[in-house]
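What follows is a single structure, written as structure tokens, with notes after it.
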Amino acid sequence: MATRPVEIGPAGIQAGRNIERLRLARGLSQHQLAERCTTLGRPLTNTALSRTERARRRCDVDDLVTIATALGVVPSALLEPFLVAAPLAADALRVCG
């Protein structure tokens, strides 16, 4: 029986767009953001990050939380229509970083 690929829905597409916008706003390359994620304990390659930004790879919840932390925003900021990203609280950074 052939398996059908799981489509990436609107939330996944929005998350990818927001990851790219925030990464660029912070002057980070995909490689630099991937390194930050790896440092936080969630290994992520720049290829995986590129595919996530282009909605070619699903972003699981662990990736989403780690990427948000690496970008300095709350995870929900990656799911919302892009307005202004909510900053991550300093206490959360100490726990995650």
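Things worth noting here:
- Per residue accessible area in Å² of segment 1-62, where ligands, DNA and RNA are left out and the probe is 1.4 Å: 68 Å²
- Descending principal axes extents, segment 1-41, alpha-carbon based, whole Å: 44, 22, 14
- A straight chain from VAL6 to VAL61 at 0.36 nm per residue would run longer than the Cα-Cα distance by 18.2 nm.
- Dipole magnitude of segment 18-58 about its Cα centre (Cβ charges: Lys, Arg +1; Asp, Glu -1), debye to nearest 20: 180 debye
- Approximating the spin labels as points 7 Å out from Cα along Cα→Cβ, the HIS31-to-ASN46 distance works out to 0.4 nm.
- Over all other residues within a Cβ to Cβ distance under 15 Å of LEU28, the charged ones net out to +1, with Lys and Arg as +1 and Asp and Glu as -1.
- Pair GLN14, THR39: separation of 7 Å Cα→Cβ label points (nm): 3.0 nm
- Among the GluC sites (Glu not before Pro) in segment 4-83, those located in a DSSP loop and surrounded by at most 13 other Cβ atoms within 10 Å of their own Cβ are GLU7.
- Among the trypsin sites (Lys or Arg not before Pro) in segment 19-64, those placed in a DSSP loop whose Cβ has at most 16 other Cβ atoms within 10 Å are ARG26, ARG54, ARG56, ARG58.
The values are calculated or read from the model by the stated rules, or taken from the named source; none is laboratory data. Just so we're clear, the structure is a prediction, and the values are computed from it rather than from any experiment. Reconstructed Cβ throughout: ideal geometry from the backbone, glycine too, with neighbour counts over all protein chains shown. The accessibility values were calculated without ligands, DNA or RNA, using every heavy atom of the protein model including side chains. Shrake-Rupley method; radii C 1.70, N 1.55, O 1.52, S 1.80 Å.
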